[in-house]
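Let me begin by presenting the structure, written as structure tokens, before commenting on it.
The values are calculated or read from the model by the stated rules, or taken from the named source; none is laboratory data. This one's a predicted model, so the numbers in the text were calculated from it and none came from an experiment. Cβ sites come from the backbone with ideal geometry, for glycine too, and all protein chains shown count toward neighbours. Each accessible area value is taken on the protein alone, full model and side chains, heavy atoms only, with ligands, DNA and RNA left out. Shrake-Rupley method; radii C 1.70, N 1.55, O 1.52, S 1.80 Å.
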Number of protein chains: 2
Amino acid sequence: MTSPLAPKGGFPNVPPVAGVELATVEAGVRYSGRPDVMLARLAPGTTMAGVFTRSATRSAPVLDCQAKLGGAASGPAAILVNSGNANAFTGSAGEGSVEAICAAVAAACDVPEARIFTASTGVIGERLPHDRITSKLAQMSATLAPGGLFDAARAIMTTDTYPKGAFRVVEVGGVPVTIAGIAKGSGMIAPDMATMLSYVFTDAQIGFDALQPLLGRVNARTFNCITVDSDTSTSDTVMVCATGVAGVNVAGDEAFEQALEAVLLDLAHQVVRDGEGATKFVGITVREAADDADAHKVALAIANSPLVKTAIAGEDPNWGRIVMAIGKSGGAADRDRVSIRFGDVLVAERGWVSADYDEATAAAYMKNDEIDIIVDLGIGTGSATVWTCDLTKRYIEINADYRS
Amino acid sequence: MTSPLAPKGGFPNVPPVAGVELATVEAGVRYSGRPDVMLARLAPGTTMAGVFTRSATRSAPVLDCQAKLGGAASGPAAILVNSGNANAFTGSAGEGSVEAICAAVAAACDVPEARIFTASTGVIGERLPHDRITSKLAQMSATLAPGGLFDAARAIMTTDTYPKGAFRVVEVGGVPVTIAGIAKGSGMIAPDMATMLSYVFTDAQIGFDALQPLLGRVNARTFNCITVDSDTSTSDTVMVCATGVAGVNVAGDEAFEQALEAVLLDLAHQVVRDGEGATKFVGITVREAADDADAHKVALAIANSPLVKTAIAGEDPNWGRIVMAIGKSGGAADRDRVSIRFGDVLVAERGWVSADYDEATAAAYMKNDEIDIIVDLGIGTGSATVWTCDLTKRYIEINADYRS
């Protein structure tokens, strides 16, 4: 069943990105009857940037990507992703699987192993049957073709209820540059440096020394501002691949940065909209905090509070629980300066219920699919917004009744 | 419906504590048809110690108690607690309510206002109708009597499904000393310095300078080691009242400390056993951590993970989620040294699934009402144990369908 919060228009009509070829296949790693592996081959002048989970128990593919990143300024590259098995907590067998896959991709795509980046997403702690993947590589490389992001987005899904894609075309120096990306993620979403899997492709030209910090900045304002359940994945990976085929250098270009941020934010919101069991898409903005970092901390404490999330599921304007979450966040707060709004409804003003507060108005607002919570701490100029979803019985069903 | 994890024997047969008189009343603060206020009057030589929530948005009664604590070495004292309304985030009106209640208790019980400690637990952000309480004080003071901890435990309940009490009698210098306490708590349980409400009475003699640090130590090993939902209350209060009537000084006595810890641990476990929607009582022990603080951090990350808690609810030995929680905890960990046990079942050994692991054996273990998870990090000598419960649909029902 597709999430009720899925984008109304379905998967966007993503154009091909010059220099990117894609293929998918049904390898039967864990799922059957659906594609579960995607392969991307990238043009000879491609720059790769990436941000990854900071989990202390991160997966073998993440460790391998981190070791390879930045190793070569630019060159041909390939990405291979499987769903169904995370190849995490699999010891030396996990590293062996990554090596076997990289060797097979190198042979099939004529790309050096040092430029092959893999990811695995799914169950943690089970050995990856990598021969199911390597045995399909000849078939996949034979079907590599431009376009195909929709199929790629479907191949990397786990508990996702819809494939996620986004794109922007931006003009730089009179040349149109395309940025298109896909993402997967639904549970175990609490960003720490990066979150879930996302691959963004562009035909822009940009060196690693410019692209990597750009991704860091943009990621901090997008994927690092979402949470579904406060649980950080062992496989979080966001990579941006710039093929350079459009022939225009975008280093330092503001329009490019804005377009890239728009694509990442679109994908990040789609992940939250597919949060396991979600029925409400919730934006939480904290203003007047001691600084931006404190604002982010308070916003995340609200976003991750089970009591706040269940109140939203119950369409209850229970602002007392917002107060509780502010209090426990560790961020600086003064009870008597806090104001809280649900959308335009001022519920609490400087430490107590607003004089104009009408519970019926607030309750009516909570019936919306999209809820905005705005907290003014009244002590500084820091601000931050994070996005999350509500916590429903369906989340429990998904995670208690099935192994994911 | 009483929690399926409630102590089998029901409320213990708690003896009266010399120097303690109790009364309860139906004041109709929020609930009707049940006692919702308790009053305790303590003998003239009583020492009071307390630990409180560190929430930045703590309630007016907590702020008042913190200001009063330690103000007098010993003397008569009184405690008044209401359920149904937390008197938190109620601005200057909240402080006014505390003052009004303290003045009324002082008049009714002949105890100085500086020695009156109040607490309120229930809905946050609504004005406390304190006149409903003060108007009952003459009636309450007239019915003060020894014993009565069972009624007191019932009067302070909110979403609790059973009253919580515990006691120990310990001999110090040949004299029997009684320690008896009550607690309330079910949701919004994530200790930070103290948690929920608990009042422990003893007829032992002990000065404030010895009792306060003793409570701090014992609290750190008991109430600060439980979590239901990671949400820290604005009203957390634990107080120990030593009336001195037994005439034996217990400062520095190890048997007394052990008995006090046993009472607090018993009460803390009862709070977890009454965790909203709980069907499993879970002990999480982390060993071989860098130090005790790191062990506590890792154990709490596991205990608070929604994915771990839902897996336990589903009786799924999903140790991959334990690995995830270790990874995100911020504690030092090395993936390839981690071992995990469910009870006696070794599931993962030094970074990967155990050679002897049999899923059916682990799945059978998960059907128990009480689950022990033991994690060996393999990097140091620190250890800690925390207790929690599972996360079920019933938690969502309780918190999404009703305002608590």
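Quick look at the values:
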| read-out | value |
| --- | --- |
| Viscosity 1.567 mPa s, temperature 4 °C, Stokes-Einstein D of the stretch A:198-263 from Kirkwood C-alpha radius, µm²/s | 101 µm²/s |
| Between helix A:292-304 and chain A: long-axis angle, C-alpha atoms, 0 to 90°, nearest 10 | 90 degrees |
| For the stretch B:234-336: span of alpha carbons on each principal axis (Å, largest first) | 55, 34, 26 |
| Burial of 30 Å² or greater, the stretch A:292-317 residues [accessible area, probe 1.4 Å, versus chain by itself] | A:PRO306, A:LEU307, A:THR310, A:ASP316 |
| Theoretical FRET efficiency, 1/(1+(r/R0)^6), r = Cβ-Cβ of B:ARG54 and B:SER32, R0 60 Å, to 0.05 | 0.95 |
| Pairwise burial B:A, computed as accessible area of each alone minus the pair, summed, 1.4 Å, Å² | 5000 Å² |
| Net charge dipole size for chain A [Lys, Arg +1 and Asp, Glu -1 on Cβ; Debye, nearest 20] | 760 debye |
| Sites A:ALA364 and A:ALA332 - FRET efficiency at Förster radius 41 Å, r taken between beta-carbons, to 0.05 | 0.80 |
| Distance between the stretch A:34-100 and the stretch B:64-139 - C-alpha centres, whole angstrom | 60 Å |
| For chain B, radius of gyration divided by Kirkwood radius, i.e. Rg to Rh on alpha-carbons | 1.00 |
| Drop in accessible area of at least 40 Å² in the complex versus isolated chain, residues of the stretch A:321-350, 1.4 Å probe | A:ARG321, A:VAL323, A:MET324, A:GLY327, A:LYS328, A:ARG335 |
| Flagged links, alpha-carbon separation over 28 Å, of B:LYS8/B:LYS393; A:LYS8/A:LYS297; A:LYS68/B:LYS328; A:LYS309/B:LYS68; A:LYS184/B:LYS280 | A:LYS8/A:LYS297; A:LYS309/B:LYS68; A:LYS184/B:LYS280 |
| The stretch B:334-398: C-alpha gyration tensor shape, a/c 1.5 cut-off, then a/b vs b/c | oblate |
| Heavy-atom SASA rank of A:ASP231, B:ASP266, A:ASP294 (probe 1.4 Å, accessible area, largest first) | B:ASP266, A:ASP294, A:ASP231 |
| Inverse of mean 1/r across different Cα pairs in the protein assembly as shown, Kirkwood, Å | 28.0 Å |
| Local electrostatic count, B:LEU42, Cβ distance below 9 Å [Lys/Arg +1, Asp/Glu -1] | +1 |
| Accessible carbon and sulfur surface of the stretch A:1-150 relative to its total accessible area, %, 1.4 Å | 52 percent |
| Shortest-first distances to equivalent copies, position A:ASP372, nm, label 7 Å out along Cβ | 5.3 |
| Dipole of chain A, positive end: most advanced residue of A:ALA293, A:SER92, A:LEU42 [Cβ charges, Cα centre] | A:SER92 |
| Mean separation of Cα contacts under 8 Å (6+ apart) over length of the stretch A:39-140, as relative contact order % | 33 percent |
| Per-residue SASA entry for B:VAL37, accessible area with 1.4 Å probe, Å² rounded to 10 | 0 Å² |
| 0 to 90° range, to nearest 10: angle between helix B:91-109 axis and chain B longest Cα axis | 60 degrees |
| Net dipole in debye of the stretch B:225-284 [+1 Lys, Arg Cβ; -1 Asp, Glu Cβ; about Cα centre; nearest 20] | 120 debye |
| Table column - 3J(HN,Hα) (Hz), the stretch B:242-252, Karplus curve with 6.51, -1.76, 1.60, x for Gly and Pro | 10, 7, x, 5, 5, x, 10, 7, 10, 4, x |
| Probe 1.4 Å, protein heavy atoms only - accessible area per residue of the stretch B:1-117 in square angstrom | 35 Å² |
| Karplus-derived HN-Hα couplings along the stretch B:277-286 (A = 6.51, B = -1.76, C = 1.60, θ = phi - 60°), whole Hz, x at Gly and Pro | x, 5, 10, 9, 9, 10, x, 10, 10, 10 |
| Angle between chain B longest axis and helix B:319-328 axis [Cα atoms, degrees, rounded to 10] | 70 degrees |
| Residues whose placed amide H lies under 5 Å from that of B:ILE226, excluding near-sequence neighbours | B:TRP387 |
| Cα-based shape type of the stretch A:1-149, given that a ≥ b ≥ c are square roots of the gyration tensor eigenvalues and the cut on a/c is 1.5 | rounded |
| Surrounding net charge for B:ARG287, when Lys and Arg each add one and Asp and Glu each subtract one, Cβ distance under 13 Å | -4 |
| A:ASP291 long-range amide H proximity, modeled H, under 5 Å | A:GLY382 |
| A:ASP36 long-range amide H proximity, modeled H, under 5 Å | A:VAL25, A:GLU26, A:ALA27, A:GLY28 |
| Rounded percent of accessible protein surface that carbon and sulfur make up, the stretch B:177-315, 1.4 Å probe | 49 percent |
| For chain B: relative contact order, % (alpha-carbon pairs under 8 angstrom, 6 or more apart) | 18 percent |
| Accessible area of A:VAL29 in the full protein assembly, 1.4 Å probe (Å², nearest 10) | 10 Å² |
| Mean Cα-pair separation over length for the stretch B:273-404, i.e. relative contact order, pairs under 8 Å, 6 or more apart, % | 45 percent |
